[in-house]
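The values are calculated or read from the model by the stated rules, or taken from the named source; none is laboratory data. Just so we're clear, the structure is a prediction, and the values are computed from it rather than from any experiment. Cβ placement follows ideal geometry from the backbone for every residue including glycine, while neighbour counts extend to all protein chains displayed.
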């Protein structure tokens with residue numbers, strides 16, 4: 001589908017300048033990452049928050065808060081001194097959707113194993129990546145080491161399968177991009193290599209913009225939507241993810257308003 005890139009860019013930049021601000025973050029699990037100025041703590045907060053980022057956003061916020069509050073401000077210190085017995089007792093009553101305290105404990109022990117082997121999640125992710133462009137390999141490496149340490153179950157998506165891996169790509173957006181909203185921290189990974197985290201909202205937006213005709217939000221759909229945004233912003237295809245997905249998430253910002261704003265003769269919605 002032909003799109004007037006210049007006119008679409010103008011529209012998206014208006015949205016970015018208006019809504020890509022911290023005042024529009026809440027409710028979003030990204031909010032928790034702001035509590036950790038040290039990237040070694042932030043990446044742990046990010047992987048935990050993103051792993052629980054499915055379902056209703058209010059419930060996501062409650063679940064992530066209950067976990068991080070128990071872990072305290074020194075996340076890296078907590079993880080490196082954790083043991084299965086104490087974690088089992090601490091999270092025995094944790095339950096969120098399909099995730100149990102056992103899953104969460106296994107995830108934390110898996111993070112401990114990654115840090116022990118590589119020094120940090122970021123170092124594990126970028127190992128053997130001279131240009132940092134093959135992000136699926138880094139995601140697979142983290143997942144494999146975490147799962148080897150225990151039964152984290154569904155908490156980390158398998159990038160080798162056909163799903164969009166929305167939560168994994170959300171985590172990468174938080175850790176790689178740095179602007180008024182995304183805190184960044186992994187500066188050696190190029191934003192140009194990121195994939196859009198395709199949830200129900202971005203799936204609808206991708207169809208509005210004519211970037212995809214897929215019937216399901218799978219990996220092919222995520223690649224098509226990302227490629228559409230790459231035509232607008234080659235160096236940062238995920239740039240507009242946050243501002244666009246405020247519609248339908250925040251009170252007072254309805255998806256129908258976004259559709260009306262994007263409508264025009266120069267591209268199809």
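Being surrounded by fewer than 17 Cβ atoms within 10 Å (Cβ to Cβ) and not assigned by TED's automatic domain parsing to the domain that holds residue 33 is the requirement here; does residue 239 meet it? Answer is no for this residue. Residues being within 17 Å of the chain's Cα centre (by Cα) and either surrounded by fewer than 14 Cβ atoms within 10 Å (Cβ to Cβ) or assigned by TED's automatic domain parsing to the domain that holds residue 74 (or both): count how many of those fall in region 1-23. Residues in region 1-23 being within 17 Å of the chain's Cα centre (by Cα) and either surrounded by fewer than 14 Cβ atoms within 10 Å (Cβ to Cβ) or assigned by TED's automatic domain parsing to the domain that holds residue 74 (or both): 1 in total.
Among the residues of region 195-211, count how many are assigned to a loop (DSSP other than H, G, I, E, B) and either in the same structural domain as residue 55 (by TED's automatic domain parsing) or closer than 18 Å to residue 54 by Cβ (or both). So the count comes out to 5.
Within region 188-201, the presence of a residue that is surrounded by 18 or more Cβ atoms within 10 Å (Cβ to Cβ), farther than 16 Å from residue 29 by Cβ and free of Cβ contacts under 8 Å to residues at least 24 places away in the same chain is excluded. Of all residues in region 35-56, those satisfying the criterion of being at pLDDT 95 or above, touching a helix residue (DSSP H, G or I) at 6+ places or on another chain (Cβ under 9 Å) and exposed (fewer than 15 other Cβ atoms within 10 Å of the Cβ) are 35, 38. Exactly one of these conditions fails for residue 185: (1) without any contact (Cβ under 8 Å) to a residue 24 or more places away in the chain; (2) over 22 Å from residue 59 (Cα atoms); (3) in contact with a helix residue (DSSP H, G or I) (Cβ under 9 Å, 6 or more places away or on another chain). Give me its number. It fails just one condition, (1).
Is it true that some residue in region 51-58 is in contact with a strand residue (DSSP E or B) (Cβ under 9 Å, 6 or more places away or on another chain), on the phi > 0 side of the Ramachandran plot and not assigned by TED's automatic domain parsing to the domain that holds residue 231? Checking region 51-58: at least one residue is in contact with a strand residue (DSSP E or B) (Cβ under 9 Å, 6 or more places away or on another chain), on the phi > 0 side of the Ramachandran plot and not assigned by TED's automatic domain parsing to the domain that holds residue 231. Can you confirm whether residue 148 is part of a helix (DSSP H, G or I), touching a residue at least 40 places away in the same chain (Cβ under 8 Å) and more than 15 Å from residue 44 (Cα to Cα)? Taking the combined requirement at face value, the residue does not satisfy it.
Listed here are the residues, each with its yes/no results for (1) more than 18 Å from the chain's Cα centre (by Cα); (2) under 30 Å from residue 38 (Cβ atoms); (3) assigned to a helix (DSSP H, G or I).
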residue	(1), (2), (3)
184	no, yes, no
187	no, yes, no
192	no, yes, yes
213	yes, no, no
228	yes, no, yes
246	no, yes, no
250	no, yes, no
261	yes, no, yes
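Take the residues of region 79-130 that are within 21 Å of the chain's Cα centre (by Cα), in a loop (DSSP other than H, G, I, E, B) and closer than 26 Å to residue 38 by Cα: which is modelled with the lowest pLDDT? Ranking the candidates gives 129 first. One residue stands out in region 151-172 among those that are within 15 Å of the chain's Cα centre (by Cα) and part of a helix (DSSP H, G or I): the one that is farthest from residue 224 (Cα to Cα), namely 155. Among the candidates 78, 32, 91, which residue alone is free of Cβ contacts under 8 Å to residues at least 60 places away in the same chain, touching a strand residue (DSSP E or B) at 6+ places or on another chain (Cβ under 9 Å), crowded, with 18+ Cβ neighbours inside 10 Å and outside the structural domain of residue 243 (by TED's automatic domain parsing)? 91 is the lone residue from the list that is free of Cβ contacts under 8 Å to residues at least 60 places away in the same chain, touching a strand residue (DSSP E or B) at 6+ places or on another chain (Cβ under 9 Å), crowded, with 18+ Cβ neighbours inside 10 Å and outside the structural domain of residue 243 (by TED's automatic domain parsing).
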